[in-house]
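Q: Before I ask anything, here is the structure I am working with.
The values are calculated or read from the model by the stated rules, or taken from the named source; none is laboratory data. In this text, all values refer to a predicted model and were calculated from it rather than measured experimentally. Neighbour counts are summed over all protein chains in view; Cβ atoms, including those assigned to glycine, are modelled from backbone coordinates with ideal geometry.
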């Protein structure tokens, strides 16, 4: 296998497996980490058995690795349905090459790509598409954040600038707005990208476990999050869910510079999914901790404030699923897009992705239609025309005027794919006034 073949294989495939001359794995780099779990083996067990022992339907006669080891000849673009020990089945496309030494096969290297059924899309949630960053516990770069919205682009620019600094960052935004993408992206665009990205989940911290979570446990010989993140980034996730009585202990932890005689060098990124001013007023967030962690603040707008991003997000995930499932060339009808524009999206981009995943599970052909969309979305869309009919029966001029205004704005938003600036231009009003009216009528 020459260098050009190696580079082409790395570009075309997602996973890399290297075995010794007996077909035992000595290296396995997976883009979809769930597969190893589905095999039913721990990583240690996987590396101490032959590849044929890890699947129900593989034998030395049917295994590409064993064939290459026996013949010394590569097998290119081989398609095979594999079934793991747990009965999990997926389609594998692979190219396998021998590793030769003095004319003898001493190992094999296999590049592969996995394809799933629509009902198995959930296994792609942790897909590691960026090979360079697989070792630092991250999935995303800032370029993975999909937006054309001016406000969101401004926040992305702020994230890129802040990545080059070492100051603590506070990310605010509702659940599902993409704070995890921004946090990982900042880490991967910083000089710390070769170091670990570690998450401290504040929602699980209690009086009993906060100390071992932060500092480790001598009895269990486990490292704490501070030691794990040393040299890299510690994401303090969902700070607003940490009990106020425990926040002083967290403040002490982020202020220390030494641990067990070792210097600490950690970049802190914190997330909250509630309004920070409200948290401070209600004394649910300590001011000293807030100011310690909020040197730079990045605010992510909800999806209802950037509905012009919906087509691009849909197109991205549909293309991704087309590339990694057995169901190809899936598209969606325009009526589905209009339905999505009319919905409020309280769960933001995460809810949109889940709605698309649900549609794939209901799909019979290759076109997503309204009947494939979850019922909760269809039942909770804004229907201005229906509202207009209701208020017209009441006879109140103010109600009728407002309902008519709401109808006109909603229609213009649909015409412009949710672009506020273009909608305001067509209506002959300022963007600020349009935004006020959209909030008033719950159109954003």
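Q: Restricting to segment 295-335, name every residue that is under 30 Å from residue 249 (Cα atoms) and surrounded by 19 or more Cβ atoms within 10 Å (Cβ to Cβ).
A: Those that are under 30 Å from residue 249 (Cα atoms) and surrounded by 19 or more Cβ atoms within 10 Å (Cβ to Cβ): 298, 300.
Q: Find the residue count for segment 330-345, including only residues that are free of Cβ contacts under 8 Å to residues at least 24 places away in the same chain and under 27 Å from residue 179 (Cα atoms).
A: Counting residues in segment 330-345 that are free of Cβ contacts under 8 Å to residues at least 24 places away in the same chain and under 27 Å from residue 179 (Cα atoms) gives 0.
Q: Pairs only if they're at least six apart or on different chains, beta carbon under 9 angstrom, first in segment 231-257 and on the phi > 0 side of the Ramachandran plot, second surrounded by 12 or more Cβ atoms within 10 Å (Cβ to Cβ) and assigned to a helix (DSSP H, G or I); list them, first residue then second.
A: Short answer, once both residue conditions are applied: 238/202.
Q: Those residues that are in contact with a helix residue (DSSP H, G or I) (Cβ under 6 Å, 6 or more places away or on another chain), assigned to a loop (DSSP other than H, G, I, E, B) and under 27 Å from residue 195 (Cα atoms), I need them from segment 265-285; list them, please.
A: Across segment 265-285, the qualifying residue is only 266.
Q: Check segment 107-114 and report whether any residue there is under 30 Å from residue 355 (Cβ atoms), surrounded by fewer than 14 Cβ atoms within 10 Å (Cβ to Cβ) and in contact with a strand residue (DSSP E or B) (Cβ under 6 Å, 6 or more places away or on another chain).
A: Taking every residue of segment 107-114 in turn, none turns out to be under 30 Å from residue 355 (Cβ atoms), surrounded by fewer than 14 Cβ atoms within 10 Å (Cβ to Cβ) and in contact with a strand residue (DSSP E or B) (Cβ under 6 Å, 6 or more places away or on another chain).
Q: Looking at 129, 107, which one is assigned to a loop (DSSP other than H, G, I, E, B) and in contact with a helix residue (DSSP H, G or I) (Cβ under 9 Å, 6 or more places away or on another chain)?
A: Exactly one of 129, 107 is assigned to a loop (DSSP other than H, G, I, E, B) and in contact with a helix residue (DSSP H, G or I) (Cβ under 9 Å, 6 or more places away or on another chain), namely 129.
Q: Sort through 5, 80 and tell me the only one that's in a helix (DSSP H, G or I) and within 25 Å of residue 324 (Cβ to Cβ).
A: The match here is 5.
Q: Just to be sure before I move on: is residue 41 at pLDDT below 90 and either within 15 Å of residue 109 (Cα to Cα) or surrounded by fewer than 17 Cβ atoms within 10 Å (Cβ to Cβ) (or both) in the structure I sent?
A: Working: at pLDDT below 90: yes; either within 15 Å of residue 109 (Cα to Cα) or surrounded by fewer than 17 Cβ atoms within 10 Å (Cβ to Cβ) (or both): no.
Here the answer is no, as residue 41 does not meet what is asked.
Q: Report, by residue number, each residue of segment 352-381 that is exposed (fewer than 13 other Cβ atoms within 10 Å of the Cβ) and touching a strand residue (DSSP E or B) at 6+ places or on another chain (Cβ under 8 Å).
A: 366
Q: Looking at this structure, is residue 349 in contact with a strand residue (DSSP E or B) (Cβ under 8 Å, 6 or more places away or on another chain), outside the structural domain of residue 274 (by TED's automatic domain parsing) and either more than 24 Å from residue 123 (Cα to Cα) or in a helix (DSSP H, G or I) (or both)?
A: Details: in contact with a strand residue (DSSP E or B) (Cβ under 8 Å, 6 or more places away or on another chain): no; outside the structural domain of residue 274 (by TED's automatic domain parsing): yes; either more than 24 Å from residue 123 (Cα to Cα) or in a helix (DSSP H, G or I) (or both): yes.
It is false that residue 349 is in contact with a strand residue (DSSP E or B) (Cβ under 8 Å, 6 or more places away or on another chain), outside the structural domain of residue 274 (by TED's automatic domain parsing) and either more than 24 Å from residue 123 (Cα to Cα) or in a helix (DSSP H, G or I) (or both).
Q: Take the residues in segment 54-65 that are part of a helix (DSSP H, G or I) and in contact with a helix residue (DSSP H, G or I) (Cβ under 7 Å, 6 or more places away or on another chain), then tell me which one is surrounded by the fewest Cβ atoms within 10 Å (Cβ to Cβ).
A: Initial filter on segment 54-65 (part of a helix (DSSP H, G or I)): 54, 64-65.
Subsequent filtering for residues that are in contact with a helix residue (DSSP H, G or I) (Cβ under 7 Å, 6 or more places away or on another chain) retains 54, 65.
Working: 54: 18, 65: 26.
Filtering first and then ranking leaves 54.
Q: Here are some residues: 21, 44. Which one is without any contact (Cβ under 8 Å) to a residue 12 or more places away in the chain and more than 30 Å from residue 118 (Cβ to Cβ)? Give the derivation first.
A: Values: 21 fails: without any contact (Cβ under 8 Å) to a residue 12 or more places away in the chain.
One residue alone meets the criteria, 44.
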